[in-house]
Amino acid sequence: MAITEPPPRAAVDTLGQSLRGELIEPDQPGYDCARALYNAMIDRRPSLIARCVDTADVITCVRFARAEGIELAISGGGHNGGGLGSVEGGLVVDLPQMRGVRVDPHARTATVAGGTTLGELDHATHGRQPEPTRRTGP
């Protein structure tokens, strides 16, 4: 699904007011830095970047994208060589402010927040047996 025009101003304003995190638009300072990807060969320009701080922000963004019929990309804490953490003309849900690892040694499980890097997961589980299984791709 490709976007042909940005979402209506009123809808964008409502989204911005609904988020606890920051909503960044192309005409705002910091937009170019916020949209930059690990792989600099990929240059996408989303209409909006939502720096989510909690699950409610993520839910709000998903509902917004669905209601407005725009593409949605999730940008986690690390990198993706293929540039899947961004989208041309759509909404990027930026998760690096949502970091954390909760380890339950008895159940031998870890609950990992969406913006957590693999290095942070390694640190939290260091020395625990067995080492966690890692999935870094789609």
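The values are calculated or read from the model by the stated rules, or taken from the named source; none is laboratory data. Keep in mind the model is a prediction, meaning the values are calculated, not measured. Ideal geometry is used to build each Cβ from the backbone, glycine not excepted, and the neighbour counts take in all protein chains shown.
Scanning segment 104-116 for residues that are among the aliphatic types (A, V, I, L, M) and either surrounded by 18 or more Cβ atoms within 10 Å (Cβ to Cβ) or at pLDDT 90 or above (or both) returns Val112, Ala113.
Considering only segment 62-80, I want to know if a residue exists there that is among the small types (Gly, Ala, Ser), modelled with pLDDT under 95, closer than 14 Å to Gly21 by Cβ and part of a strand (DSSP E or B). Yes, the conditions are met somewhere in segment 62-80. Checking the structure you have, find out if any residue of segment 82-103 is buried (at least 16 other Cβ atoms within 10 Å of the Cβ) and at positive phi. Looking through segment 82-103, at least one residue is buried (at least 16 other Cβ atoms within 10 Å of the Cβ) and at positive phi.
Considering segment 18-35, the residues that are under 19 Å from Met98 (Cα atoms) and not in a strand (DSSP E or B) include one that is farthest from the chain's Cα centre (by Cα), namely Ser18. For segment 36-57, how many residues are acidic (Asp, Glu) and either in contact with a Cys (Cβ under 6 Å, 6 or more places away or on another chain) or in a loop (DSSP other than H, G, I, E, B) (or both)? Qualifying residue count, segment 36-57: 2.
Among the conditions (1) in the same structural domain as Gly119 (by TED's automatic domain parsing); (2) not in a strand (DSSP E or B), Val103 misses just one, which is (2). What about Gly119, is it assigned by TED's automatic domain parsing to the domain that holds Ala50, more than 22 Å from Pro26 (Cβ to Cβ) and exposed (fewer than 14 other Cβ atoms within 10 Å of the Cβ)? Spelling it out, it is not the case that Gly119 is assigned by TED's automatic domain parsing to the domain that holds Ala50, more than 22 Å from Pro26 (Cβ to Cβ) and exposed (fewer than 14 other Cβ atoms within 10 Å of the Cβ). A single entry from Gly21, Gly16, Gly30 fulfils the requirement of being crowded, with 16+ Cβ neighbours inside 10 Å and either farther than 12 Å from Glu68 by Cα or not assigned by TED's automatic domain parsing to the domain that holds Val58 (or both): Gly21. Looking across Arg51, Arg66, one residue alone is basic (Lys, Arg) and surrounded by 14 or more Cβ atoms within 10 Å (Cβ to Cβ). It is Arg51.
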